[in-house]
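Quick notes on the structure that follows.
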Amino acid sequence: MSVAGRDAVFARTLENPKLDALGQVSGLASERRGARTQPRSTRTLQHVISVIAVGLGAYHLYAAIFGTPVALVHRAIHLGGLGLLGYLTLAVASGSRTRRAWLVASAVAALAAPLYLVVAFRDIITRVGAPGTADLAFAATAVLVTLDLARRLHGWALVATAGLFLGYGLFGALVPGLLAHRGYAPADILEFLYTTTEGIFGVPLQVSATYIVVFILFAAFLERSGLARLFHDLAFAVAGTTRGGVAKVAVLSSALMGTINGSALANVTTTGAITIPLMTRNGFAPHYAAAVEATASMGGQIMPPVMGVAAFIMAERLGMPYSRIALAAIVPALLYFLATGVQIHLHAARYRVQPANERVRRVAEILRSDGHLLLPILVLIGLMIAGRSPVFAAVTSIAVSLGLGVAAALAAAARARAGGRRVQFREVLDRRGASPTAIVRAIDAGIRNTIGVAIACAVVGNIVGIVTLTGAGLKLSTAIISLAGGMVMPTLVLTMLACFVLGMGLPTIPTYIITSTMAAPALITLGVDRLAADFFVMYFGVLANLTPPVALAAYAAAGLARASPLRTSLTAIRLSAAGFLVPYIFVYSPIMLGVGFSTVSMLHVVVTAVAGVVALGGALEGYLWREASRLERVLLVAAALTLIVPGLVTDVIGAALLLAAILSSRWRDRRALARASVDNLHESAALQGRHDRRS
């Protein structure tokens, strides 16, 4: 495929309906193709949705710049506006009049429940402990509509989990053993979840209303500016012409997209629509191509600075600056992508997959023409390192992005005038995402893409509220520690399994919040660093989206490749094997996260971890310089495990085992080449002899 052809595919991909920030497919940011053929009522409703979305986006940007009102009121406005938009958007997509009427009525309820809190806020405060009938009615409405909208956007997994916890709050007295509690009346639960900042309007929704919405708007502006195309071109320039290059392009482009996106399914759809067909045309099996894309896209959830927006909640939970969380994530994320790249390279070498046969622009050429598009991200990172708030950094970066668009349009106009040509200034401005129309569309898309996040955060607020009310987190931690015999390694394994179960079928944010609330305290009790414990549960909550039976990212990629979802999922687990081991490394060596490190100690941990993931990649692919023997694979597995376990003795043993496997592979490779040379000489001599006899 030529560069022009690839760009055309990429452009069509970006025109498709967007994915919300949790990766759920919806029509929320579509360009509404075929609007003229739709009924007038539908077109009117679409315009109403856009007006509300832009107004809500303007409110959030205003609040980010000038400050928010009372915390509970701000969160209520956030949830009410997005709940209204969520139901109205579903109503537009509905073909049934009855269903549409029901969805519009639900939209009114979704707005009314939080709006009542805004209007009656001061009166509700005076009635704490004695809620009125209206208070309880609106509280029940808030719980029900958020659960219903979550079901429509995210499926049953999140709703079933929330329902289980709500039932636990009501009937805790019937639960046997350690997890039992006295049980709470429905009125007590509704009041706690609705009128305090411990339930629906708790920390998860606060993070959504303050940080996440601004960063999703930031990502929407950057996508309009052309940054996604730049990332794709850079990935092709770096890796496109190497062995198995198109698969490495998927890894690099997903890593780069993860810096602004952090959504696994959005990455799968955006980059996978291009890279999966390229991989299959270049010799990769469909299931392997899909697994590469799923594995790489999941890495966007752990790649700073956005990290699937879970980093904001982690910073709030731990009381740490957001920049500290992002810096701690760098080394583990790079190890994850390095390990995936190593396996891809060895797989391509083993099956003789050739580089992509197409012209690729050089990095210098790309940076000369479009490198300025990276400036907003550099400004964002620089401001956060300098200690400014994430919200300030994001808003400033949006302003920089718009300024670059205006500057690019002015420069294009000046060049055109100098050459005696006409240029449409507005078209260039629109292409760079800085025209009034582009700004409105970016805000519209960003707010629509926030709907799934906000609803998920509200539902998770119910779960966190029940855990707080009943003390279930402490009880579960005690149970895990008791079951593990008070030992760290068994507790880590049990926590990992709990993360897989709790994160099954859930988006990143709910997964992280639930697992950090329920499972991380057990690790902290046993002396694991708080930052390492939270990163541990976040990693395995993210990886739950690759593991069957509910492997969302793997199944989405399999759909693009028309491959077996189960086979894709199992291959993705193998490709992401380092992601299953890296959390154990930073639990035992929190130096990797920047906890109490020196330069020498950090280098030691990083070098041994790199050697370990390389050894693991060779063992899993069964290839170094040639197909590995059974002995070499055993040596590589042993080397990987001993290099990953912290300690000088284990590192020396691991290095020796890795060296032995490498020398064995090289010796067998040279021996095979020598044998092939001798065979060729014998064959040539035999042919020459037959020729001499004939003559």
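Bear in mind that the values in this text are calculations on the coordinates, not laboratory data. These numbers were taken from a predicted model, which means no experiment stands behind them. Note: ideal-geometry Cβ built from the backbone for every residue, glycine included; neighbour counts use all protein chains shown.
Full extension of the chain between T44 and M602 yields a length gain of 195.0 nm, computed as 0.36 nm times the residue separation minus the alpha carbon distance.
Helical runs (DSSP H, four residues minimum) scored at -39500 (n - 2.57) apiece and divided by the length of the chain put the mean residue ellipticity at 222 nm at -25000 deg cm²/dmol. The order of the peptides 148-159, 660-671, 313-324 by mean Cβ neighbours within 10 Å, most packed first, is 148-159, 313-324, 660-671.
For the range 130-289, the fraction of C-alpha pairs more than 23 angstrom apart is 59%. Per-peptide packing, taken as the mean over residues of other Cβ atoms within 10 Å, places 510-523, 465-478 in the sequence 510-523, 465-478 from highest down. Within the chain, the proportion of C-alpha pairs whose separation exceeds 43 Å stands at 28%. Amide H contacts under 5 Å for V306: none, restricted to partners 5 or more places along the chain or on a different chain, H placed in the peptide plane at 1.01 Å from N. Determine the shape class of the range 438-494: with a ≥ b ≥ c the square roots of the Cα gyration tensor eigenvalues, call it rounded for a/c under 1.5, and otherwise prolate if a/b is greater than b/c, oblate otherwise. Taking the square roots of the gyration eigenvalues as a ≥ b ≥ c, the range 438-494 is oblate. Each of I385 and V649 was given a label point 7 Å from its Cα along the Cα-to-Cβ line. The distance between the two points is 4.0 nm.
Estimated from the Cβ-Cβ distance and a Förster radius of 30 angstrom, the FRET efficiency linking S96 and I125 is about 0.10. Ordering F66, V353, A296 by the projection of their Cα atoms onto the charge dipole of the chain, which places +1 on the Cβ of Lys and Arg and -1 on the Cβ of Asp and Glu, puts V353 at the extreme positive end.
Between the amide H of S576 and any residue lying 5 or more places away or on another chain, no distance stays under 5 Å, with hydrogens modeled in the peptide plane. Specify whether the C-alpha gyration tensor of the range 111-162 places it in the rounded, prolate or oblate class, a ≥ b ≥ c being the square roots of the eigenvalues: rounded for a/c under 1.5, otherwise prolate if a/b is larger than b/c and oblate if not. Taking the square roots of the gyration eigenvalues as a ≥ b ≥ c, the range 111-162 is prolate. For the chain, the longest principal axis of the Cα atoms and the long axis of helix 213-225 meet at an angle of about 50 degrees. The 3J(HN,Hα) values that the Karplus relation (6.51, -1.76, 1.60; θ = phi - 60°) gives for the range 137-152 are, in residue order, 5, 6, 5, 4, 4, 4, 5, 5, 6, 5, 5, 5, 5, 4, 4, 6 Hz. Gly and Pro appear as x. The phi torsions of the range 364-374, fed into the Karplus equation with coefficients 6.51, -1.76 and 1.60 and a -60° offset, translate into couplings of 4, 5, 5, 5, 5, 7, 10, x, 4, 5, 7 Hz, rounded to whole numbers, with Gly and Pro shown as x.
Hydrodynamic estimate: the Kirkwood radius of the range 149-195 over Cα pairs, inserted into Stokes-Einstein at 37 °C and 0.692 mPa s, corresponds to D of 278 µm²/s.
Extending 7 Å from the Cα toward the beta-carbon at both L631 and A137 defines two label points whose distance is 8.2 nm. Legend: translational diffusion of the range 18-202 by Stokes-Einstein, Rh = Kirkwood radius over C-alpha pairs, 10 °C, 1.306 mPa s; D = 87 µm²/s. Distance between the 7 Å Cα→Cβ label points at T196 and A173: 2.0 nm.
Starting at the first residue of the range 100-114, write each ³J(HN,Hα) from the Karplus equation 6.51 cos²θ - 1.76 cosθ + 1.60 with θ = phi - 60°, in whole Hz, x for Gly and Pro. Running phi through 6.51 cos²θ - 1.76 cosθ + 1.60 with θ = phi - 60° gives 5, 4, 5, 5, 5, 4, 5, 4, 4, 5, 5, 7, 5, 4, x Hz. Go ahead and run the numbers for FRET between R421 and L378, Cβ-Cβ distance against an R0 of 56 Å, rounding to 0.05. Computed FRET efficiency for R421 and L378 comes out at 0.95.
Packing-based ranking of 342-355, 55-68 yields 342-355, 55-68, ordered from highest to lowest mean Cβ neighbour count within 10 Å. Taking 0.36 nm per residue of sequence separation and removing the Cα-Cα distance, the S482/R574 pair yields an extension gain of 30.0 nm.
With respect to the chain, whose longest principal axis is taken over its alpha-carbon atoms, helix 630-644 is tilted by about 40°.
Extension gain, L673-A399: 0.36 nm per intervening residue step, less the Cα-Cα distance, totals 92.6 nm. For the chain, a simple Cβ point-charge model (Lys and Arg +1, Asp and Glu -1, everything else neutral) yields a dipole of about 2280 debye relative to the Cα centre. Residues whose amide H falls under 5 Å from that of Y623, counting only those 5 or more places apart or on a different chain, are A628, with hydrogens built in the peptide plane.
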